[in-house]
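> Got a structure for you, written out below as structure tokens; questions coming shortly.
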Amino acid sequence: MTKPINTMLYIIRTVVKMTDFSKIRKKTQLTSLAVSSIIFAVALYGILTHNDSYFEIGLLLIGFMIAGALLLAPLFGRFWCGWLCPRGTFLEYFLGKLSRNGSIPKHLRTTKFKLFIASIMAVMFIIVLMGMNPFVASEDTLASIGGFIVFLCIVTTLLVSIPLGLFYMPRTWCSFCPVGYAQSLMSKDRILKVSIEDCKNCKRCHSECQLDLCSSHTGKSKTIDHPDCFSCMKCTDSCRIGASKPVIKLGTAD
């Protein structure tokens, strides 16, 4: 049993080393954004026309996002956030052109703040499940949930994600996103990491990291294994000496 697993890992490692991540990642992100935008537009149309059938499309969108994120997290960490999340893609490519790129406030990264935001979302969701949806009036439970999800996405994007992204780093929202936080908790033993064994501390990768995680690395570990890492591989693309590179490793050991 061990031999097939080792063979599979060898193949994966070889593919990882030969892959141009930047081009593939951008195409994957934009495709995901396009598909999600269509689904979201249909759901929004349902809200505006009070059509319960379209409302339920909102549930499909969030189900796709959460299921995809959580299924990938144990092996690849926050891969969903870095490669497939439609909101993250919008913030990175479109808001990134307008952002001041300021440092993300430390309190937004704390566990207490992440739990606070997740608790608010959970309470609101429970209220909707109890049939007391203050945002979308519908007798259909699924439609009510779908409408709430679409409404929540719009509000958090317009009132939280965009303002924070303009003043700080474009993807500041991602530092405390509830779905992202759930992935972080599940990714302790992920196999996809970034090796920095030959790092010369030139700091070129610091300005490329989506959440400024490279600058917080202590240098004691030979891999960047921060739970919030997107595996976006921007650090590997920016490294001129090839010290930073994606690797497949089992467990948490360096």
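> Could you check the range 196-215 and list, in sequence order, the residues that are out of contact with any His (no Cβ under 8 Å at 6 or more places or on another chain) and either part of a loop (DSSP other than H, G, I, E, B) or surrounded by 20 or more Cβ atoms within 10 Å (Cβ to Cβ) (or both)? Step through it out loud before you land on a result.
Looking only at the range 196-215, we keep the residues that are out of contact with any His (no Cβ under 8 Å at 6 or more places or on another chain), and these are 197-211.
Within the range 196-215, GLU197, ASP198, CYS199, LYS200, ASN201, CYS202, LYS203, CYS205, GLU208, CYS209, GLN210, LEU211 meet the criteria.
> Hey, another quick one. Would you point out the residue of the range 148-179, among those that are among the aromatic types (Phe, Trp, Tyr) and crowded, with 22+ Cβ neighbours inside 10 Å, that is nearest to MET124 (Cα to Cα)?
Let us first name the residues in the range 148-179 that are among the aromatic types (Phe, Trp, Tyr), namely 148, 151, 167-168, 173, 176.
Next cut, crowded, with 22+ Cβ neighbours inside 10 Å only: 148, 173, 176.
On the way: PHE148: 9, TRP173: 19, PHE176: 17 Å.
Applying the filter and picking the extreme gives PHE148.
> Just for the range 11-67: of the residues that are assigned to a helix (DSSP H, G or I), modelled with pLDDT under 75 and of a type in the set (D, E, K, R), which one is surrounded by the most Cβ atoms within 10 Å (Cβ to Cβ)?
GLU56
> Where residues in the range 85-134 are β-branched (Val, Ile, Thr) and part of a helix (DSSP H, G or I), which of them is nearest to the chain's Cα centre (by Cα)?
Step by step, filter the range 85-134, then rank; the result is THR89.
> Then there is this: Could we say that GLY88 is of a type outside the set (Asp, Glu) and touching a Cys at 6+ places or on another chain (Cβ under 8 Å) here?
Details: of a type outside the set (Asp, Glu): yes; touching a Cys at 6+ places or on another chain (Cβ under 8 Å): yes.
It is true that GLY88 is of a type outside the set (Asp, Glu) and touching a Cys at 6+ places or on another chain (Cβ under 8 Å).
> Can you confirm whether the range 94-111 contains a residue that is of a type in the set (Ser, Thr, Tyr), within 22 Å of PHE151 (Cβ to Cβ) and in contact (Cβ under 8 Å) with a residue 40 or more places away in the chain? Talk me through it step by step, then tell me what you get.
Pass one, the range 94-111, residues of a type in the set (Ser, Thr, Tyr): 99, 103, 110-111.
Narrowing further to those that are within 22 Å of PHE151 (Cβ to Cβ): none.
The answer is no, given that none of the residues of the range 94-111 is of a type in the set (Ser, Thr, Tyr), within 22 Å of PHE151 (Cβ to Cβ) and in contact (Cβ under 8 Å) with a residue 40 or more places away in the chain.
The values are calculated or read from the model by the stated rules, or taken from the named source; none is laboratory data. Just so it is clear, the structure is predicted and the values come from calculations on it, not from any experiment. No Cβ is skipped: glycine too gets one built from the backbone with ideal geometry, and neighbour counts run over all protein chains shown.
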